[in-house]
Amino acid sequence: MIRRHIFYIAFLCICSTVSGQIGSVIGKNESSKKSVTKHDKKQFSTKELSFSITRNSISDSERVVDIYKWITENISYDNELMRSENLQKEIYTSEENVVKEVLDRKMALCGGFALLFKYLCADVGIKAEAVNGFTKDYSGNLQKRKVPNHTWNVVKLNGEWQLLDITWAIGHGSKNVPDNFWFLTKPTDFIYSHYPEDTKWTLMENPLSFYDFQRIR
């Protein structure tokens, strides 16, 4: 785990203004709670894409790998959206709209990556969730202590939930090669940098307290 402590510097270069990402954490601004009409839902679906991505997969594990690979190869970090609160307010009106805009723009913030993964998994019958929580900056300190500043995923494979952070995989990778340390990461490694609002998503039998999370390096 020692070598992983340097990841904070790399991540800062990609996501140095998380505090400005009002829409990146779904559910944390009122506009994201806006419902979508039935007409809107009929016009947008990720099913065709998800089936195309996983057409050669023969197991859920392979489907998850293929979805993860497709996202990391085709969706990049959205620096324009990160810097524009007005654009965030326009896009973060619902989960469906976020996913639609991610596919249209081929770019996303952490909430967009997490929701796209969740939707594509759901289309092929795999349970996945977007998890809001806290992450640390390059110095190992929390940027915010009361409001979640990041979103990642959990996915259920072979009856067990597993952790992944597509944003960090892309941010710590090089060119189109993600850092796969952040794909199906061990909970005991993940907890050094990620703390969920709901402690059940630590996936640890005896989760650390938030106080202890802030102290570990």
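The values are calculated or read from the model by the stated rules, or taken from the named source; none is laboratory data. Since we're looking at a predicted model, the values are computed, not measured. Positions of Cβ are backbone-derived with ideal geometry, glycine not excepted, and every protein chain shown enters the neighbour counts. These area figures cover heavy atoms from the full protein model, side chains too; ligands, DNA and RNA do not enter into them. Shrake-Rupley method; radii C 1.70, N 1.55, O 1.52, S 1.80 Å.
Which whole-number value in Å² is the accessible area per residue of the range 47-146, probe 1.4 Å?
Result: 47 Å² per residue.
So, with a 1.4 angstrom probe, what is the percent of accessible area on the range 131-180 that is carbon and sulfur?
Accessible surface attributable to carbon and sulfur in the range 131-180 totals 43 percent.
Got a sec to turn the phi values of the range 79-91 into Karplus ³J(HN,Hα) couplings, 6.51 cos²θ - 1.76 cosθ + 1.60 with θ = phi - 60°, whole Hz, x for Gly and Pro?
With coefficients 6.51, -1.76 and 1.60, one gets 5, 4, 5, 4, 8, 10, 5, 5, 5, 4, 5, 6, 8 Hz.
Could you work out how far apart the two model spin labels at GLU197 and LYS127 are, taking each label as a point 7 Å from the Cα in the direction of the beta carbon, and quote it in nm?
Spacing of the two 7 Å Cα→Cβ label points: 2.0 nm.
Set the Förster distance to 45 Å, then compute FRET efficiency between LEU87 and LYS175 from the Cβ-Cβ distance, nearest 0.05.
Plugging the Cβ-Cβ distance into 1/(1 + (r/R0)^6) gives 0.95.
If I stretch the segment between GLU160 and SER45 completely, what's the gain in nm (0.36 nm per residue apart, minus their alpha carbon distance), one decimal?
Using 0.36 nm per residue and subtracting the Cα-Cα distance, I get 38.7 nm.
Taking a ≥ b ≥ c as the square roots of the Cα gyration tensor eigenvalues, with a/c under 1.5 meaning rounded and otherwise prolate when a/b beats b/c, else oblate, which class fits the range 67-184?
Cα axes put the range 67-184 in the rounded bin.
How large, in percent, is the carbon and sulfur part of the accessible surface of the range 57-127 at a probe radius of 1.4 Å?
43 percent
Give me the one-decimal nm value for the distance between modelled label points at ASP137 and GLU62, 7 Å along each residue's Cα-to-Cβ direction.
About 4.5 nm separates the two model spin labels.
Decide, for the range 120-212, between rounded, prolate and oblate: order the square roots of the alpha carbon gyration tensor eigenvalues as a ≥ b ≥ c, take rounded if a/c falls under 1.5, and otherwise choose prolate if a/b is larger than b/c, else oblate.
The shape class here is oblate.
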